[in-house]
Amino acid sequence: MKVLLLSCSTGEGHNSAAFALQEELESRGVDCVLADPVAFGSEKARKAVANTYNNIIKKVPAAFGMLYKVGDWYSAHELPSPIYYANSLYADNLCAFIEEQGFDLVVCTHLYAMEAMTCIHKKGMLSVPCYGVLTDYTCIPFFSDTRLTGYFIPHEELKQEVVAQGIPAERIFCTGIPVSPRFNQSMTRQEARNYLVLEQDRQLILVMTGGVGCGNGSELCEKLLAHADERSCIHVLCGRNSEMKEKIDSAFARDPRVQTVTFTKKVDVYMKAADVLITKPGGISSSEAATVGIPLVLAMGIPGCETKNCEFFAGHGMAVKADTLDEAASSAWYLARNEKAAERMVSMQHKTIHADAAARIADILTGVSAQ
């Protein structure tokens, strides 16, 4: 069995979902290749798409919210989709690659890939089954353009929303969002802190700003310190945002309670070491946190799908929604100091989220290939 996984570097979430599936499938002896579909147009286009998206969400996230509304308007009025057209331009090259490499299945964790594969299927160019993975707790704009063999969605409650986009119910699988098995592996807080060489007796608030580093991390640290004591500490994962890291390091150079971390692949260990997590409400990062089981405050969200993610998690008691940095700080310390509230939240996370989503998806994919 040979599987092509298609993802884009617009943020880290889509790639993380693809990596999780790759890890699970390869553990079963499946040959996997991970590629960015836009690169089949050109490498220049791939870099331009990734850089444009990442700069928007890092520097002017409100603009992304406006683009999101424009996309909703296009979808609601059933107008010709500019996104579908753009991704159809490289469909022939992608199709040729799939045929030459002899893939049995294609799995897409990003809308662009789903659009290109829809074009390939509509033209009758290829009969290889193709599946889409939704990485947010809502349908994003232009999703209704796509028509694939099947779709893996985050939760049963999202099914009717997907059906309303014109997807037949029998093509929808309520598996959860795939996250790396590392997040579901047992590790105590003490073990995690030993691994990271952190003190055991401090209350640790972990702040995650996404792969590209979004939000005002420096101001959030100020708000958190206003409620902290001398045995508290704050660790900020700044992603690839070197400017944010330098600003925080400079502002709190004399306060050892604030520490910054550059882009790391040890996110699961930091989550397991922390008492409370404050993070932007990405579909993947929120699912990873719920899989670990950590009291969660969702803040600094990008308007659009992250707004819906936040509503879903808060509505199910899996997180506290914070509209301001003051609310984020006060909510974090409340959860850190209220054991019963923290335990209730973690219990709802384990009740609602499918920690084994990657395995569920792999079961279906390998079953399809065996038919």
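Among the residues of region 139-160, how many are in contact with a Leu (Cβ under 7 Å, 6 or more places away or on another chain) and either part of a loop (DSSP other than H, G, I, E, B) or closer than 20 Å to Ile83 by Cα (or both)? Here the count works out to 5.
Only one of the numbered conditions (1) in contact with a Gly (Cβ under 6 Å, 6 or more places away or on another chain); (2) at pLDDT 95 or above is not met by Gly304, and that is (2).
Restricting attention to region 9-44 and to residues that are over 21 Å from Glu115 (Cα atoms) and assigned to a loop (DSSP other than H, G, I, E, B), the residue that is least open to solvent (accessible area, probe 1.4 Å) turns out to be Val30.
Pairs linking a residue in region 316-345 that is acidic (Asp, Glu) to a residue that is modelled with pLDDT of 95 or more, with Cβ atoms under 6 Å and 6 or more positions apart or on different chains, are Asp326/Lys223. Considering the conditions (1) open to solvent by 10 Å² or more (accessible area, probe 1.4 Å); (2) modelled with pLDDT of 80 or more; (3) charged (D, E, K, R), Asp72 is excluded by exactly one of them, (2). Restricted to strands (runs of 3 or more DSSP E) entirely inside region 161-251, those with at least 2 residues that are closer than 23 Å to Ala273 by Cβ are 203-208, 232-237. The residues on offer are Ser242, Ser186, and the sole one that is small (Gly, Ala, Ser), modelled with pLDDT under 95, open to solvent by 50 Å² or more (accessible area, probe 1.4 Å) and in contact with a Ser or Thr (Cβ under 9 Å, 6 or more places away or on another chain) is Ser242.
Checking the conditions here, which among Lys280, Lys265 is closer than 17 Å to Ala192 by Cβ and of a type in the set (D, E, K, R)? Being closer than 17 Å to Ala192 by Cβ and of a type in the set (D, E, K, R) holds for just one of Lys280, Lys265, which is Lys265.
Counting only residues that are surrounded by fewer than 20 Cβ atoms within 10 Å (Cβ to Cβ) and part of a helix (DSSP H, G or I), which one in region 87-97 is nearest to the chain's Cα centre (by Cα)? So, considering only residues that are surrounded by fewer than 20 Cβ atoms within 10 Å (Cβ to Cβ) and part of a helix (DSSP H, G or I), the one nearest to the chain's Cα centre (by Cα) is Ser88.
Of all residues in region 161-181, which are touching a helix residue (DSSP H, G or I) at 6+ places or on another chain (Cβ under 7 Å) and surrounded by fewer than 19 Cβ atoms within 10 Å (Cβ to Cβ)?
Our first condition is that a residue be touching a helix residue (DSSP H, G or I) at 6+ places or on another chain (Cβ under 7 Å); within region 161-181, this holds for 163, 165-166, 169, 172-181.
Residues satisfying the conditions are Val163, Gln165, Gly166, Ala169, Phe173, Cys174, Pro181.
Listed conditions (1) surrounded by 18 or more Cβ atoms within 10 Å (Cβ to Cβ); (2) in contact (Cβ under 8 Å) with a residue 40 or more places away in the chain; (3) within 18 Å of the chain's Cα centre (by Cα) are all met by Pro303, apart from (1).
The values are calculated or read from the model by the stated rules, or taken from the named source; none is laboratory data. It should be emphasised that the depicted structure is a prediction, and the values quoted were computed from it without experimental measurement. Note that we place each Cβ from the backbone using ideal geometry, even for glycine, and neighbour counts take in every protein chain shown. Accessible surface areas use protein heavy atoms only, side chains included; no ligands, DNA or RNA. Shrake-Rupley method; radii C 1.70, N 1.55, O 1.52, S 1.80 Å.
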